[in-house]
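K.L.:
Okay, handing you the structure first.
Laboratory data are not the source of any read-out in this text; all were calculated from the coordinates shown. Just so we're clear, the structure is a prediction, and the values are computed from it rather than from any experiment. Cβ atoms come from the backbone with ideal geometry, glycine included; neighbour counts cover every protein chain shown.
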Amino acid sequence: MILTAIDHVGVAAPDLEEAVAHHRRAYGAEVVHREEVAADGVREALLQVGDSYIQLLEPTREDSPVGRFLARNGPGLHHVGYRVTDCAAALARLRAEGVGLIDEQPRPGSRGTTVAFVHPKDHLGTLVELVEEPR
Ligand code: CO
C-alpha cells in the first residue's frame, strides 16, 4: 500500500473568507496556512483536522481549473489529496499500471509539498491529488 493518509479534501469556494468564517463558526476551525498558487490560479486556506486538512480553494481567475469547476458545478468537493511518501515513485507505479495521469511529473504544491494530479476517469469520477510531505 503506497498511500499513508488522506492528506486533505479540497473544496471549491466562491468566497474564501466566507468559507473560512463558516468553518470557524461551525467547527471552531482555525486557518493554519494560507497560500496563493499563481500557476493554478487559486488562493487557499488550510484548516487542520488531526493530521489532515480541509483545503478551501477560491479561484483567482475564471479560466483556472477551480474557476471552471465552480462555473460548471458550483461550490463543493473538488478533489481528494492522498498522502504518499514518494510522489515520483507513486506516479511511476500508476503510469506502469495504465492509470490516467494529469501531471506527468511531480510539481510543487502548497506548504512545500510535492504533488501530482491523477485523472478522475480511473477514480470513479473523483479527482485525486498525490501529496508528498516536505522533507
Ligand atoms: Co489539493
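K.L.:
Criterion first (among the small types (G, A, S), loosely packed, with under 14 Cβ neighbours inside 10 Å and without any contact (Cβ under 8 Å) to a residue 40 or more places away in the chain) does A38 satisfy it?
P.N.:
yes
K.L.:
Scan the stretch 90-135 for residues that are assigned to a loop (DSSP other than H, G, I, E, B), among the hydrophobic types (A, V, I, L, M, F, W, C) and away from the ligand (no atom under 14 Å from the Cβ) and jot them down.
P.N.:
As a first pass, look at the stretch 90-135 and keep what is assigned to a loop (DSSP other than H, G, I, E, B): 97-100, 102-106, 109, 113, 119, 123-127, 133-135.
Next, only the ones that are among the hydrophobic types (A, V, I, L, M, F, W, C) stay: 99, 102, 124, 127.
Answer for the stretch 90-135, where residues must be assigned to a loop (DSSP other than H, G, I, E, B), among the hydrophobic types (A, V, I, L, M, F, W, C) and away from the ligand (no atom under 14 Å from the Cβ): V99, L124.
K.L.:
Considering only the stretch 33-80, state which residues are part of a helix (DSSP H, G or I), of a type in the set (G, A, S) and closer than 18 Å to D15 by Cβ. Walk me through how you get there before you give the answer.
P.N.:
Residues of the stretch 33-80 part of a helix (DSSP H, G or I): 38-40, 65-73.
After this cut, where a residue has to be of a type in the set (G, A, S) as well, the list is 38-39, 67, 71.
Within the stretch 33-80, G67, A71 meet the criteria.
K.L.:
Return the pairs, sorted by first residue and then second, in which the second residue is within 16 Å of the ligand (Cβ to nearest atom) and of a type in the set (D, E, K, R), the first residue lies in the stretch 6-28 and is in contact (Cβ under 8 Å) with a residue 60 or more places away in the chain, the beta carbons are less than 6 Å apart, and the residues are 6+ apart or on different chains.
P.N.:
D7/R83; A13/E58
K.L.:
Could you tell me whether any residue of the stretch 98-110 is in contact (Cβ under 8 Å) with a residue 24 or more places away in the chain, more than 17 Å from G41 (Cβ to Cβ) and β-branched (V, I, T)?
P.N.:
no
K.L.:
Across the stretch 41-62, what is the total count of residues that are more than 10 Å from the ligand (Cβ to nearest atom) and either of a type outside the set (D, E, K, R) or in contact (Cβ under 8 Å) with a residue 60 or more places away in the chain (or both)?
P.N.:
11
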